[in-house]
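We did not get these values from a lab; they are worked out from the coordinates using the rules stated. These figures come from a predicted structure and were not determined experimentally. Please note: Cβ atoms are built from the backbone with ideal geometry, for glycine as well, and neighbour counts cover all protein chains shown.
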Amino acid sequence: MLKKIDHIGLIVRDADETARLFCELFGFAVVDRPPYEDPQAGFKSLFLTLGEIKIELINPTSADSALAKFLDKRGEGIHHVSLEVEDIERELDSLKARKVRLINEKADIVEKDKVAFIHPSAVKGVLVELLEDEQTRALLGQRALSEFRRNQGATESTLRILQPHLA
């Protein structure tokens, strides 16, 4: 189930310069953590926030990366829309069953979150990221644990064994 728009991803030539611009013009703040870097994919990203609004600034760091080619071809601007989902595997299975073209058949783990992309050709030219955040998984794990306790009457030792797998 879709929960909300998590963030908008912008591809830029200089994430630090763009962050300064958005902070100055609109009052955004840079999320207090080091930028995410993926040397293998050739990019770094950082997040800006303003209230409930989140923007990811994506900066290619390798001239031959797919993101650098995207930037060269399309220029700076919107790269993707990220939708938060409750259960990414369920969403991917549902999309696959409807023959929706996916970039990722299975979710990848990025900084503890699960992400997967729907191919733009399936969504009117928009690259859509599905994101299941770590907090949602922890909440669902606690719900599953509570449900298990209610329905199965499990012993504490069984629950201790299951706990790491439910969170």
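Determine Rg/Rh for the range 2-132; Rg is computed over alpha-carbon atoms and Rh is the Kirkwood hydrodynamic estimate from the same atoms. Let's see the in-between values first.
Numbers: Rg = 14.9 Å, Rh = 15.4 Å.
We get a ratio of 0.96 for the range 2-132.
At K99 and E24, where each label point lies 7 Å from the Cα along Cα→Cβ, what is the point-to-point distance in nanometres?
With each label point 7 Å from Cα toward Cβ, the separation is 5.2 nm.
Going by how many other Cβ atoms sit within 10 Å of their own, how do S121, S65 line up, fewest first?
Details: S121 10, S65 17.
Going from sparsest to densest Cβ surroundings: S121, S65.
With a 10 Å Cβ neighbour count serving as the proxy for reagent exposure, in which order, fewest first, do D133, D14 appear? Working shown, then result.
Details: D133 18, D14 12.
Fewest-to-most Cβ neighbours within 10 Å comes out as D14, D133.
For each of E132, E76, count neighbouring Cβ atoms within 10 Å of the residue's Cβ, then give the residues from fewest to most. Let's see the in-between values first.
On the way: E132 23, E76 12.
Least to most surrounded, the residues fall as E76, E132.
Given H placed on each backbone N at 1.01 Å, which residues far from V110 in sequence or on other chains put an amide H within less than 5 Å of it?
Here V115 satisfy the definition.
What distance in nm lies between label points placed 7 Å from Cα along the C-beta direction at I8 and I109?
Once both label points are built, they end up 3.2 nm from each other.
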